[in-house]
Amino acid sequence: MLHTPSGGAGHGAAATDSGLMSIGTVLNVLRDEFPDISISKIRFLESEGLVEPRRTPAGYRKFSARDVERLGQVLRMQRDHYLPLKVIREHLDAVERGEAVPLPTVGPQRDGETAAPGPTVGRIGRDELLAAAGVEDRELKEWESYGLLSPLPDGAYDAEAVTVASLVVQLGRFGIEPRHLRVMKAAADRDAGLVDQVVAPLKRHRNPQTRAHAEARTKELAGLAVQLHAALVQTALGVRLP
């Protein structure tokens, strides 16, 4: 259960008397359980219809406690069950309509059972990725040719591929083509290389606990890199995103 602030002077201007929260406050609330959460991730989940915060006359997002709780459910279902966002949205919408629906399951099924829609643990199939992103195979092949997405050795994709694909689609609506995104991919690869260089000694350590710590450190550094990138882009453009 997420604990949301109740407002008051202790939370500054981010929380209001009505109990609504700014996106920065929501980020702080969620970060306790989801250390790698970012403002861009919250905005992306909103764009995918997972949450619908209110807007001030100036266009700033204001989240209710229910919005924050729903975001926590979405992130938990992604983390623990590797479900595509489309499946998560349909499930939560059904629950809010009062329907008694079980949580979709993923992975191999027993004889006689019908597989629920969704990827296997940590993986998503090509057809599932195409359906989740709403694109055709030729478009996916084009993205692959520019290195934006790459299948794993078994032909499946990492679960995060759905997020990448959805963002590529959204950028395309503004006329930004996949070939234009190669520079972003190159920058991401450099960031990943820097993070990997920092945690490499921990990964090679003989102590299992130290190696486990390497994974946590990798996530922390990745989150910081994403936040820095977002801040630098905003600074370069002279804008402040709500």
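Odds and ends about this structure:
- Look at (1) open to solvent by less than 40 Å² (accessible area, probe 1.4 Å); (2) under 22 Å from Glu128 (Cβ atoms) and you find that Leu171 fails only one, number (1).
- Residue count, the stretch 59-75 (criterion: in contact (Cβ under 8 Å) with a residue 40 or more places away in the chain and either open to solvent by 30 Å² or more (accessible area, probe 1.4 Å) or under 15 Å from Ser22 (Cβ atoms) (or both)): 11
- Of all residues in the stretch 26-42, those being open to solvent by 10 Å² or more (accessible area, probe 1.4 Å), farther than 15 Å from Arg79 by Cβ and touching a residue at least 24 places away in the same chain (Cβ under 8 Å) number 3.
- Those residues of the stretch 81-102 which are hydrophobic (A, V, I, L, M, F, W, C) and outside any loop (DSSP other than H, G, I, E, B), in sequence order: Leu85, Val87, Ile88, Leu92, Ala94, Val95
- Against the numbered list (1) under 18 Å from the mean Cα position of the chain (by Cα); (2) closer than 21 Å to Pro84 by Cα; (3) modelled with pLDDT of 85 or more, Ala132 comes up short only at (3).
- Any pair with Cβ under 8 angstrom, 6 or more apart, that starts in the stretch 203-222 at a residue that is closer than 13 Å to Ala192 by Cα and open to solvent by 60 Å² or more (accessible area, probe 1.4 Å) and ends at one that is of a type outside the set (Phe, Trp, Tyr) and at pLDDT 80 or above: Arg217/Val198; Arg217/Val199; Lys219/Pro35; Glu220/Pro35
Results for (1) part of a helix (DSSP H, G or I); (2) surrounded by 14 or more Cβ atoms within 10 Å (Cβ to Cβ), shown as yes or no for each residue.
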| position | (1), (2) |
| --- | --- |
| Pro151 | no, yes |
| Leu167 | yes, yes |
| Arg179 | yes, no |
| Asp189 | yes, no |
| Leu194 | yes, no |
| Gln197 | yes, no |
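- For the stretch 88-107, filtered to residues that are within 20 Å of Val162 (Cβ to Cβ) and at pLDDT below 85, the residue that is surrounded by the most Cβ atoms within 10 Å (Cβ to Cβ) is Val106.
- Only one entry of Arg182, Arg173 meets the criterion of being at pLDDT 90 or above and among the basic types (Lys, Arg), and that entry is Arg182.
- Within the stretch 23-41, tally of residues that are of a type in the set (Val, Ile, Thr), assigned to a helix (DSSP H, G or I) and modelled with pLDDT under 90: 1
- Qualifying residue in the stretch 199-206 (condition: of a type outside the set (A, V, I, L, M), under 24 Å from Leu85 (Cβ atoms) and part of a helix (DSSP H, G or I)): no
- Selection status of Leu241, touching a residue at least 60 places away in the same chain (Cβ under 8 Å), part of a loop (DSSP other than H, G, I, E, B) and surrounded by 12 or more Cβ atoms within 10 Å (Cβ to Cβ): yes
The values are calculated or read from the model by the stated rules, or taken from the named source; none is laboratory data. Note that this is a predicted model, so its numbers are computed, not measured. Here Cβ is always computed from backbone atoms with ideal geometry, including for glycine, and neighbour counts include all displayed protein chains. Accessible surface is based on the protein model in full, side chains and every heavy atom, while ligands, DNA and RNA are left aside. Shrake-Rupley method; radii C 1.70, N 1.55, O 1.52, S 1.80 Å.
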